[in-house]
Amino acid sequence: MPISNQHLRNIMRRIILIAMALPWLVTSCKKDTATINASTELVPLTIEFDNIVGSQNLALNTGIYNANAGETFSVQLLKYYVSNFKLTRTDGTEYVVPQDSSYFLIEEGNDDAEEAHLKVPVADYAAVSFMLGVDSLRSTMDITKRLGVLNPTGSYSDMYWNANSGYIFFKMEGVSPQAPVDATGQRKFKYHIGGFGGATSPTINNIKTIKLDLTAGGIAKPRKDRNSEVHLMVDIDKVLSGTNKVSIAANPSVMFTNYSVNIANNFSAMFRHDHTHN
Amino acid sequence: MKLEKKIIFLCIILLPSMSWACDICGCGVGGGYIGILPDFSNKIVGLRYRYNTLRTHIGANGAISYLTSDETYQTAEAWAGWNISSKIRVMASVPYAFNQRKSQDSEGNKNGLGDISVNGFYQLLNKRNTVFTNKLLVQTLWIGGGIKLPTGAYNPADKGNGATDANLFQLGTGSLDFTANAMYDIRLQDLGLNLVAGYKMNTANKYAYDYGNKLNVSSQVYYKIKVAKKSNIAPNVGISYETAQQDMDDKYVVDVSGGRLLLGTVGMETVWNKTSIGANWQTPFGQKLANNFVKANNRMMLHLAFVL
């Protein structure tokens with residue numbers, strides 16, 4: 001007996017109905033998502049500064065990396081200040097982290113100093129901004145207001161020049177076959193970059209503000225019982241090979257000079273948001 | 001004549017089935033498709049091998065970093081089917097998983113028992129008609145439901161911050177899950193169309209992690225070529241689409257989870273007496289997995305089954 005079109009249609013209708021009903025039945029059981037607690041209580045938010053070179057993780061001393069024009073280098077020391085954190089909520093409003101708890105020294109190789117631990121209100125944050133360096137106001141404050149990593153007399157004195165030059169915002173040292181032999185017989189390069197504008201006499205200003213959108217990599221959702229972490233990649237390849245190309249052979253040592261502006265102008269391209277854990 | 005026809009039916013009709021083994025690899029999606037199974041009158045046992053690879057820990061805008069991992073999920077699965085009556089069938093599968101993960105600065109692997117699943121099916125339709133005066137039209141429709149047991153190890157530490165971006169590198173979900181399936185097959189002489197839909201509802205495991213529910217639909221066209229008495233080969237081609245809701249970690253939505261995946265499939269099923277051997281290869285046509293932090297690569301499946 002030949003099958004009728006009507007019969008086929010009935011079967012197809014039955015299949016479609018079953019297929020359509022299944023997701024409906026189950027999605028209706030799904031839990032509601034958590035509502036945001038509107039209290040003013042502060043919760044943890046970690047900003048991780050993960051130092052890399054191109055697609056590789058930065059390995060102190062052992063890693064050999066390419067710079068410009070066939071130059072190669074290894075990093076022995078990498079430290080920089082990040083400060084003045086601001087977070088932009090998804091609704092566009094901003095939370096400014098209180099300045100007294102907004103200075104961090106990131107230090108490669110020291111597991112306790114690769115993250116900025118912030119306390120922020122519960123919210124969904126779509127952008128983060130921070131300063132690479134130490135602002136002029138703080139740089140000129142009384143020493144009693146410059147504690148912890150900003151204490152220029154203790155174990156952080158290697159990150160400080162003097163009252164007028166201020167803090168060394170960014171310090172990278174290492175060796176390179178293209179660097180000239182120094183007094184100790186090593187081929188060292190040293191980049192000590194800073195300058196907030198000067199306290200008593202005007203100087204260069206190498207303070208850079210970095211703003212990163214978190215939308216593509218995942219917005220941060222700090223909550224009371226969670227540890228939200230924004231993972232930033234800091235590509236130190238850009239220090240020498242950013243917009244401004246820096247030759248190690250020609251400039252093996254850059255400190256408080258006008259040339260340092262070229263390196264500081266490469267800083268903003270170092271930072272990118274990779275992902276977020278919520 | 002009638003009896004002979006019947007025997008041929010039993011030996012060579014291809015019937016679909018579903019399994020949710022390897023249900024983590026693929027970001028909650030993927031692994032649902034097992035291809036087209038041979039029909040069996042009483043009992044069938046088989047071995048299935050799957051090979052899936054994923055790239056995980058991709059950064060924002062597709063950025064590759066030293067954290068980016070290549071993960072390989074291999075599953076060997078022993079399965080069996082039993083026709084309790086002409087309309088009721090029970091199928092069970094016991095997977096064993098070999099998971100490997102590799103990034104620039106770390107390597108890891110996990111081997112062990114996966115999640116055992118048991119499914120029951122009811123045959124809603126089994127119809128044979130003659131159309132166009134002398135062509136045979138065969139239709140079957142099975143519906144079913146089942147459970148997936150938390151027999152595979154779930155390690156809550158692997159979900160933790162910084163460990164991995166998507167909670168995939170597990171042997172099992174750690175949860176009791178429920179499945180509903182529908183399988184429709186229509187065949188005009190040697191040319192067949194096979195449609196499968198499956199839904200998997202997951203519950204939260206004891207660590208309050210709830211993998212997103214999954215929907216899986218696939219459509220295959222196959223053509224049977226008789227090569228000898230009681231022996232045929234059936235090349236098949238089709239597409240499958242899988243989508244998963246986002247996971248829930250306690251009361252929070254996991255942003256890096258869920259997604260959708262459209263795969264193209266080519267495969268071949270062979271039947272020789274009571275033995276069937278099949279293989280298929282799938283390639284992604286489109287995907288958005290875990291908000292693009294995970295990318296599925298090509299995958300393949302091989303199976304061997306014996307009708308008892």
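I'm trying to understand the selection: among the residues of the range B:201-242, which are part of a loop (DSSP other than H, G, I, E, B) and closer than 19 Å to B:Thr265 by Cα?
First pass over the range B:201-242, keeping only residues part of a loop (DSSP other than H, G, I, E, B): B:203-208, B:211-213, B:224, B:229-230.
Listed by number, the list holds a single entry, B:Lys224.
Okay, residues lined up against (1) within 23 Å of B:Asn167 (Cα to Cα); (2) surrounded by 23 or more Cβ atoms within 10 Å (Cβ to Cβ):
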{"residue": "B:Lys200", "(1), (2)": "yes, yes"}
{"residue": "B:Tyr207", "(1), (2)": "yes, no"}
{"residue": "B:Val217", "(1), (2)": "no, no"}
{"residue": "B:Ala228", "(1), (2)": "no, no"}
{"residue": "B:Ile233", "(1), (2)": "no, no"}
{"residue": "B:Glu242", "(1), (2)": "yes, yes"}
{"residue": "B:Lys251", "(1), (2)": "yes, no"}
{"residue": "B:Thr270", "(1), (2)": "no, no"}
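Output the residues belonging to the range B:259-308 that are without any contact (Cβ under 8 Å) to a residue 40 or more places away in the chain, among the aliphatic types (A, V, I, L, M) and under 25 Å from B:Thr68 (Cα atoms).
B:Leu262
Six or more apart or on different chains, Cβ atoms under 7 Å: show the pairs whose first residue is in the range B:224-237 and more than 17 Å from B:Leu188 (Cβ to Cβ) and whose second is surrounded by 14 or more Cβ atoms within 10 Å (Cβ to Cβ).
Cβ pairs passing all conditions: B:Val227/B:Ile233; B:Lys230/B:Cys11; B:Ser231/B:Val271; B:Ser231/B:Trp272; B:Ile233/B:Met268; B:Ile233/B:Thr270.
Hey, can you tell me all the residues within the range A:107-130 that are in contact with a helix residue (DSSP H, G or I) (Cβ under 9 Å, 6 or more places away or on another chain), touching a residue at least 60 places away in the same chain (Cβ under 8 Å) and of a type in the set (A, V, I, L, M)?
Residue satisfying the conditions is A:Leu118 alone.
So, A:Tyr103, is that one more than 25 Å from A:Asn251 (Cβ to Cβ), crowded, with 19+ Cβ neighbours inside 10 Å and of a type in the set (Ser, Thr, Tyr) or not?
Working: more than 25 Å from A:Asn251 (Cβ to Cβ): yes; crowded, with 19+ Cβ neighbours inside 10 Å: yes; of a type in the set (Ser, Thr, Tyr): yes.
Yes: the conditions hold for A:Tyr103.
Restricting attention to the range A:25-33, does a residue exist that is out of contact with any Lys or Arg (no Cβ under 9 Å at 6 or more places or on another chain), within 14 Å of chain B (Cβ to nearest Cβ) and modelled with pLDDT of 95 or more? Give the steps one after another, and end with the answer.
First, the residues of the range A:25-33 that are out of contact with any Lys or Arg (no Cβ under 9 Å at 6 or more places or on another chain): A:25, A:27-30.
Adding the requirement that they be within 14 Å of chain B (Cβ to nearest Cβ) leaves A:25, A:27-30.
With modelled with pLDDT of 95 or more added as a condition, the list becomes none.
There is no residue in the range A:25-33 that is out of contact with any Lys or Arg (no Cβ under 9 Å at 6 or more places or on another chain), within 14 Å of chain B (Cβ to nearest Cβ) and modelled with pLDDT of 95 or more.
Do you know which residues across the range B:115-135 are among the aliphatic types (A, V, I, L, M) and within 9 Å of chain A (Cβ to nearest Cβ)?
Start the filter on the range B:115-135 by keeping residues that are among the aliphatic types (A, V, I, L, M), which leaves B:116, B:118, B:124-125, B:131.
Passing the criteria: B:Leu124, B:Leu125, B:Val131.
For residues that are within 15 Å of A:Asn266 (Cα to Cα) and among the acidic types (Asp, Glu), scanning just the range A:212-248, find the one that is farthest from the other protein chains (Cβ to nearest Cβ).
Per the criteria, the residue is A:Asp237.
Could you please find all residues in the range A:147-174 being more than 17 Å from A:Gly194 (Cα to Cα) and surrounded by 19 or more Cβ atoms within 10 Å (Cβ to Cβ)?
Just the residues of the range A:147-174 that are more than 17 Å from A:Gly194 (Cα to Cα), to begin with: A:147-148, A:153-155, A:174.
A:Gly174 - this is the single residue of the range A:147-174 that is more than 17 Å from A:Gly194 (Cα to Cα) and surrounded by 19 or more Cβ atoms within 10 Å (Cβ to Cβ).
For the range A:107-130, which residues satisfy the criterion of being out of contact with any Asp or Glu (no Cβ under 6 Å at 6 or more places or on another chain) and in a strand (DSSP E or B)? Can you show your working first?
Of the residues in the range A:107-130, the ones out of contact with any Asp or Glu (no Cβ under 6 Å at 6 or more places or on another chain) are A:107-112, A:114, A:116-126, A:128-130.
Matches in the range A:107-130: A:Glu107, A:Ala116, A:His117, A:Leu118, A:Lys119, A:Val120, A:Pro121, A:Tyr125, A:Ala126, A:Val128, A:Ser129, A:Phe130.
Looking only at the range B:175-198, count how many residues are buried (at least 24 other Cβ atoms within 10 Å of the Cβ) and more than 14 Å from chain A (Cβ to nearest Cβ).
0
Please go through (1) out of contact with any strand residue (DSSP E or B) (no Cβ under 6 Å at 6 or more places or on another chain); (2) surrounded by 17 or more Cβ atoms within 10 Å (Cβ to Cβ); (3) of a type in the set (A, V, I, L, M, F, W, C) for A:Val181 and return the number of the only condition it doesn't satisfy.
(2)
So, in the range B:244-258, how many residues would count as being within 19 Å of B:Thr203 (Cβ to Cβ), touching a residue at least 24 places away in the same chain (Cβ under 8 Å) and either more than 8 Å from chain A (Cβ to nearest Cβ) or in a loop (DSSP other than H, G, I, E, B) (or both)? Spell out the reasoning first.
Going through the range B:244-258, the residues within 19 Å of B:Thr203 (Cβ to Cβ) turn out to be B:244-254, B:257-258.
Filter once more, keeping what is touching a residue at least 24 places away in the same chain (Cβ under 8 Å): B:244-250, B:254, B:257-258.
Next cut, either more than 8 Å from chain A (Cβ to nearest Cβ) or in a loop (DSSP other than H, G, I, E, B) (or both) only: B:244-247, B:249-250, B:254, B:257-258.
Residues flagged as within 19 Å of B:Thr203 (Cβ to Cβ), touching a residue at least 24 places away in the same chain (Cβ under 8 Å) and either more than 8 Å from chain A (Cβ to nearest Cβ) or in a loop (DSSP other than H, G, I, E, B) (or both) within the range B:244-258 amount to 9.
How do the strands (runs of 3 or more DSSP E) wholly within the range B:41-143 filter down when requiring 2 or more residues that are touching a Cys at 6+ places or on another chain (Cβ under 6 Å) and either charged (D, E, K, R) or crowded, with 17+ Cβ neighbours inside 10 Å (or both): which remain?
Details: elements: B:43-56, B:69-83, B:88-102, B:107-113, B:117-131.
Strands (runs of 3 or more DSSP E) meeting the threshold: B:43-56, B:69-83.
The values are calculated or read from the model by the stated rules, or taken from the named source; none is laboratory data. Computed from a predicted model, the values in this text were never measured in an experiment. Because the Cβ atoms are built from the backbone with ideal geometry, glycine has one as well, and the counts that use them run over all protein chains shown.
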